[in-house]
Every structure is written in structure tokens, then in C-alpha cells.
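**Q** Following this message is one structure expressed as C-alpha cells.
No value in this document is a laboratory result; all are computed from the given coordinates. Note that the coordinates shown come from a computational prediction; the quantities given were computed from them, not determined experimentally. Please note: Cβ atoms are built from the backbone with ideal geometry, for glycine as well, and neighbour counts cover all protein chains shown.
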Amino acid sequence: MELAPGHVLVRTAAPDVLGPRALAHGWLTLDEERRAERIRHARGRHAFAAARGLLRSLLAEGLGGEPAAIPLSVEESGRPFLDGDGDVRISVTHTEGLVACAVGRVSALGVDAERQDRRPRSLALARRYFAPAEVRALESLPEDGVHRHFLALWTCKEALGKALGQGVGPVLGNPVFALGPGDRVEGGAPEYRHELHALASGHWLAIAARGAQSVVLAAFEGASAEPSSDRSAGG
């Protein structure tokens, strides 16, 4: 699928599936392969190889060419960028059991993922950092729904913070996010397209893209982490 102006491509994968495959099929550069080999534990090695392999395969899909030949560099912050094409934005996220990459010809782009079964101090954190309307929404929920709702909002805020290049801190209290029917994300930054997806792998996946006309999300073929449906959960 061609990466046209205003379009965003997002792919997800399970690191333990894609990591070995990326190494076996030569999707990484020699330097990246050596870096992966130096990672002592298989879990970390697979996570690194999966993230780079997924990103390279996604860029090859959108731009053409072989994955290992895509001219990637990394900023001091660790964020990858495409040499010679300043119009392409890249965002990568990984958490337990999932890696996700987003690329697009947009002015800003961020992606984030969280496991839905985490149990943080949801209400305490929300009361400290979130907007009053978000706190009220959480307080109105039964106990078993608070964590899932909190993590959905947090994931949306993380994605926006990555798109802005400033981390989650400045956006924790503003703008305000909400979950509508069917887990549809509402609110957020008006100049951004926000999407929220509940994946079959048990993760929330959030995307924030400024200037996006469309977002296409799919699981990498052969990976266990895949969208529970092909619907968009945001507008």
C-alpha cells in the first residue's frame, strides 16, 4: 500500500513471533543484527528485532524497496527517522506481548500501547493528574471497569505526547479525553485524528496523527497480536 500524503499505516505484531522471523529473513541491517546479538536475554533480543523488523517492513510496504535497505537513522532521543524524506513521520511502541509501528505522511504522529489487564493505582493517579471530567467519569464506573477505562485514557495521552515530542506529562490534564459507546475515543486535541483500538491480544492501541486523512491498522501476517475488528474506534 503506497504511503500517500495524509495517510498513516499502522502494524502490530507479537515480538516472540516476529523477532526471530525478522532476523532469519534479513530485514535488519548488519549493525542492527549485531546489536540484537549482543542482547543477552531472548525476550529483549526478540523485542528489539521485532520493532526494527516491523518498522522496516512497514516502510518497505509504503515506500518500496527491501526492508534492510530503508535508510533509517535515530535521533538522540531514540526516535527513528527516515533519511532523505522529512515528510514521513515514524512512531514505535512496545509493551509486554506487543510491538506496534506507525508511519505516515503527516505533520505529527504518535502511537502507544498498554495491556488492558494491568492494575495501576488508577483512581489515585487520575485524581492527581487527569482533568476533573475524566476523574468524574472514572468515579462513576464499577470497580472492575475503572482500570480498563483509565488505561484507555492513559494510552491516548501517551500517543498524543509522543506526537508532540514532549512526553505524556504536559498532556495529562489537557486536552480531555473520553470513551464513548463501543470504546470510541472522544475529545482530545482538535487538530489531531485520535484512534483507539482494543486488540484481540488484550492491549489498548492509541494513535494520534495531525493532518491524517486515513489510518489503516493491521496485524503483521503470522503474528498473534491482531485487531479484534477492522473498525476504526476514533474519528
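**Q** Filtering region 1-13 down to residues that are hydrophobic (A, V, I, L, M, F, W, C) and outside any strand (DSSP E or B), which residue is nearest to the chain's Cα centre (by Cα)?
**A** That would be L3.
**Q** While we're looking at this one, here's another question. May I ask you to list pairs of residues, at least six apart or on different chains, whose Cβ atoms are under 6 Å apart, with the first in region 200-217 being more than 18 Å from P15 (Cβ to Cβ) and touching a residue at least 40 places away in the same chain (Cβ under 8 Å) and the second being buried (at least 23 other Cβ atoms within 10 Å of the Cβ) and among the acidic types (D, E)?
**A** Short answer, once both residue conditions are applied: A206/D112; I207/E195; V215/E195.
**Q** Could you please tell me which pairs satisfy a Cβ distance under 9 Å, a separation of 6+ or placement on different chains, a first residue in region 52-64 that is of a type in the set (S, T, N, Q), and a second residue that is part of a helix (DSSP H, G or I) and surrounded by fewer than 24 Cβ atoms within 10 Å (Cβ to Cβ)?
**A** S57/P67
**Q** Oh, and also: What number goes with the only condition from (1) surrounded by fewer than 20 Cβ atoms within 10 Å (Cβ to Cβ); (2) touching a residue at least 12 places away in the same chain (Cβ under 8 Å); (3) more than 19 Å from G187 (Cα to Cα); (4) hydrophobic (A, V, I, L, M, F, W, C) that A133 does not pass?
**A** Single failed check for A133: (3).
**Q** In region 136-158, which residues are touching a residue at least 12 places away in the same chain (Cβ under 8 Å), more than 18 Å from V171 (Cβ to Cβ) and not basic (K, R)?
**A** E139, V146, H147
**Q** Within region 24-45, identify whether any single residue is under 18 Å from L217 (Cβ atoms) and out of contact with any Phe, Trp or Tyr (no Cβ under 8 Å at 6 or more places or on another chain), and answer yes or no. So that I can check it myself, show each step before the final result.
**A** Filtering region 24-45 for residues under 18 Å from L217 (Cβ atoms) gives none.
Scanning region 24-45 turns up no residue that is under 18 Å from L217 (Cβ atoms) and out of contact with any Phe, Trp or Tyr (no Cβ under 8 Å at 6 or more places or on another chain).
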